[in-house]
Amino acid sequence: MADASVQTSPEQLQGELVSKFFHGLANPTRLKIVLALLDKEKRVGQLVEELGIKQSQISNQLACLKWCGFVTSRQEGKCVYYRVTDSRVRDLIQIARQVVADNAEHINACTRM
């Protein structure tokens, strides 16, 4: 039985949400999809062809990315186009690339992740 007197602080909840946010990009397939959508909106079929990943996997990961606010979609006739619409996601990717470039050797050698 959980102790009712133990409460989660707003800071703990915020930390958990931020961790969950980064976990969304930690999945290699989701990250590949986001990277593929940074410059241009694309249909699922285009992502399948470009990334070499099965359509079902792309669709499943797009649903997650859309639900969590990484991407949005629009429908044009029978086609659904996905794109990264929040420029802050682009900024985060750019900053992450810079940090990785500055620390690539250490990140690559890390055995704790």
Residue pairs qualifying under the 8 Å Cβ cut-off, at least six apart or on distinct chains, with the first in the stretch 57-80 being in contact (Cβ under 8 Å) with a residue 12 or more places away in the chain and surrounded by 12 or more Cβ atoms within 10 Å (Cβ to Cβ) and the second being of a type in the set (A, V, I, L, M, F, W, C) and not in a helix (DSSP H, G or I), are 62/71; 65/71; 70/84; 71/84
Of those in the stretch 85-99 that are under 17 Å from the mean Cα position of the chain (by Cα), of a type in the set (Val, Ile, Thr) and more than 15 Å from residue 21 (Cα to Cα), the residue most open to solvent (accessible area, probe 1.4 Å) is 95
Residue hits (the stretch 67-104; closer than 15 Å to residue 30 by Cα and either among the hydrophobic types (A, V, I, L, M, F, W, C) or at pLDDT below 95 (or both)) are 67, 68, 69, 70, 71, 84, 89, 90, 92, 93
Given the conditions (1) under 27 Å from residue 113 (Cβ atoms); (2) touching a Ser or Thr at 6+ places or on another chain (Cβ under 9 Å), every one holds for residue 18 apart from (2)
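Each row is one residue, and each column tells you yes or no for (1) β-branched (Val, Ile, Thr); (2) without any contact (Cβ under 8 Å) to a residue 12 or more places away in the chain; (3) crowded, with 17+ Cβ neighbours inside 10 Å; (4) in a helix (DSSP H, G or I).
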| position | (1), (2), (3), (4) |
| --- | --- |
| 13 | no, yes, no, yes |
| 18 | yes, yes, no, yes |
| 23 | no, yes, no, yes |
| 39 | no, yes, no, no |
Within the stretch 41-56, of all residues that are outside any helix (DSSP H, G or I) and under 19 Å from residue 76 (Cα atoms), the one most open to solvent (accessible area, probe 1.4 Å) is 43
Apart from one, (1) in a helix (DSSP H, G or I); (2) open to solvent by less than 70 Å² (accessible area, probe 1.4 Å); (3) farther than 25 Å from residue 113 by Cβ all hold for residue 35; the odd one out is (3)
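The values are calculated or read from the model by the stated rules, or taken from the named source; none is laboratory data. What you are looking at is a predicted structure, and each value in this text was computed from that prediction instead of being measured. When we count neighbours, we look across all protein chains shown, and the Cβ atoms used for this are built from the backbone with ideal geometry, even at glycine. SASA here: full protein model, heavy atoms, side chains in, ligands and nucleic acids out. Shrake-Rupley method; radii C 1.70, N 1.55, O 1.52, S 1.80 Å.
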